[in-house]
Amino acid sequence: MAQYLMSVLDDQARLASAEEMAAIDVFNEQLQADGQWVFAGGLASPGSATVVDGRDGDPVFTDGPYVESKEHVIGFWIIEAPHLDVALRLAAGGSKSCNRRVELRPFLG
Amino acid sequence: MTDVDEVISRIHREEWARVVATLARRFGDLDIAEDMAAEAFATAVERWPVEGVPPSPGAWLTTTAHRRAIDRLRREVRREEKHKEALMLSDTPEPLGAIDDDRLRLVFTCCHPALAMEVRIALTLRLVGGLTVPEIARAFLVQETAMGRRITRAKAKIKAARIPFGVPFREDLPARLTGVLAVLYLIFNEGYLASGPGTEAVRGDLTAEAIRLTRLVRVLMPADGEVAGLLALMLLTEARRAARVSASGELVTLVEQDRGAWDRELIAEGHALVRARLASGRAPGRYQILAAINAVHTDARDARDTDWSQVVALYDQLVSLDPSPIVRLNRAIAVAELDGPEVALAEVDGLPLEGYHAFHAARAALLRRLGRSEESRAAYDRAIGLAGNTAETAYLIRRRDQLAGRAPHSP
């Protein structure tokens, strides 16, 4: 089994609608029932991010996200799947449920 | 070339995919499969001329490659003591679909939709077709090192993302097969209308390779109509290859081709495939319809005998499956033969194909027939500016310069 990160992408800081939330709940329950769930969560808006550089002496804090980009990650799933074909299906289901695009990326095995 | 050399290159063509595919399944690693298959063939080149060709060359190659792979893995295991990782291999997914052949798994892996199209093409030619990296680089006018990197990155993604070595889920099979056929058709088309300046107009090596790979897929999936349709389409197109470029290196249009130079054997094979599909009574997909259109053309001994109403009817069927502007452009070109250039031009104008050379070439030809020379000339200019094939450019320039009115000039 391998683990994959499914990042949910959005170009604006809108919360999931009630309808989307309901669909996400159904999707999550299915993941759990099928033993494919590892973790999931939504993120606060990019404006709430702080970049921290602790590599050299006193940590340096920078307000805001690391990269200004048109799209940001607003939530994610971590799923478990035997191979990419299964993961792609789950990603398609996740994308449909939250009504946004997702980026699927494997963890280092 | 000596006899043994010829035997080796024939066996390379016949056995490469099987050796790579068998190793890929056994070891779950395309790198190992590719490297060890190449080593086994190199060993054959060294030893067969001296020791003779073994009675079962395919089995000899697979066994040799297999032994080498085990040796390499043992060395790696000893070196890194990562026993499990070297043998992670056993957890490759089992076949999920109905078809069980390692070569088919290999085809589906190389054409996986999570890989970019140019990556799928390169991987398929390397791992299934057995072309070398320099050969593929030349075919697509890419630097050898860049092509090597492209293939290495693809194999790394397959490993890291765990693209399975297997045939797709049954529900995914139609879409995945369409993806495989698209890769094969792109390889064929790159050969048939080579896009680079300074390359040959028609690259027989690429068209032959595409046909060979499609034949292989057909052996693996004999019941699929679209596989048969694509093979028929390629054969009926390839049959006209010799007549397609003139002695002076100019593209010759279908209507003007010397039909005596067409390859009758390929045409017969293509026609038989098309007839078998028609007899099946099942609704044809796009490749089957395209093959049927080509069957109508190759059925006519003289261009004037072409059954254009049949061609237009087939294009109508294609438009209902795929109403894309390019299909509608091709339909309009057939309509010109049936209903005249004016009707056709009305259909061509307004298609959103401003950046496509064939759109302007078609307009130029229709405007010429309507006697609208100045507009025709402008359309030829646009087509010449956009065309990438040397023979096609030469043809378009001659046709433009034949237009009445202004004196001929070079581009």
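Output the 0 to 90 degree angle, nearest 10, between the alpha-carbon long axis of helix A:84-98 and the longest principal axis computed from the alpha carbons of chain A.
The angle comes out at about 80 degrees.
If you take the Cα atoms of chain B, find Rg, then find the Kirkwood Rh from the mean of 1/r over all pairs, what is Rg/Rh?
Values: Rg = 24.2 Å, Rh = 23.6 Å.
Taking Rh as the inverse mean 1/r over Cα pairs, Rg/Rh reads 1.03.
Answer rounded, prolate or oblate for the protein assembly as shown, using the Cα gyration tensor with square roots of eigenvalues a ≥ b ≥ c: rounded when a/c is under 1.5, else prolate when a/b is larger than b/c, else oblate.
Verdict is oblate for the protein assembly as shown.
Run the Debye formula on the Cα coordinates of the range B:3-89, all scatterers equal and no solvent, and tell me log10 I(q)/I(0) at q = 0.23, 0.26, 0.27 1/Å.
-1.03, -1.23, -1.30
Average partner chain C-beta neighbours within 10 Å, per residue of A:85-94?
Mean partner shielding for this stretch: 3.
Binned at 5 Å from 0, what are the whole-percent values of the Cα-Cα distance distribution for chain A, short to long?
2, 12, 20, 20, 16, 13, 9, 5, 2, 0
Mind running the shape call on the range B:229-320? Use the C-alpha gyration tensor, a ≥ b ≥ c as the square roots of the eigenvalues: rounded below 1.5 for a/c, prolate if a/b tops b/c, oblate otherwise.
prolate
Is there a simple number for the mean count of other chain Cβ atoms within 10 Å of the Cβ of residues in A:21-32, and what is it?
The per-residue average across the peptide is 0.
Using Cα positions and a limit of under 15 Å, work out the aspartates and glutamates in reach of B:LYS155, with same-chain residues fewer than 8 apart set aside.
List returned: B:ASP29, B:ASP31, B:GLU34, B:ASP35, B:GLU118.
In debye, nearest 20, what is the charge dipole magnitude of the protein assembly as shown about its Cα centre with +1 on Lys and Arg Cβ and -1 on Asp and Glu Cβ, if you could check?
740
Between the range B:96-154 and the range B:324-342, what's the alpha-carbon centroid distance in Å?
36
For the range A:44-59, take each phi angle, set θ = phi - 60°, evaluate the Karplus expression 6.51 cos²θ - 1.76 cosθ + 1.60, and give the result in whole Hz per residue in order, putting x for glycine and proline.
Along the range A:44-59, the couplings run 5, 4, x, x, 8, 7, 10, 8, 10, 10, x, 6, 9, x, 5, x Hz.
Restricting attention to the range A:4-109, which trypsin sites (Lys or Arg not before Pro) occupy a DSSP loop and are surrounded by at most 11 other Cβ atoms within 10 Å?
Filter output for the range A:4-109: A:ARG14, A:ARG55, A:LYS70.
For the range A:32-85 and the range B:1-45, what is the separation of their Cα centres, given in Å?
When both Cα centres are located, 45 Å separates them.
Every number here is computed from the coordinates shown, using simple stated rules; none is lab data. Here the structure is a predicted model, which is why all the values come from computation and not from measurement. Positions of Cβ are backbone-derived with ideal geometry, glycine not excepted, and every protein chain shown enters the neighbour counts.
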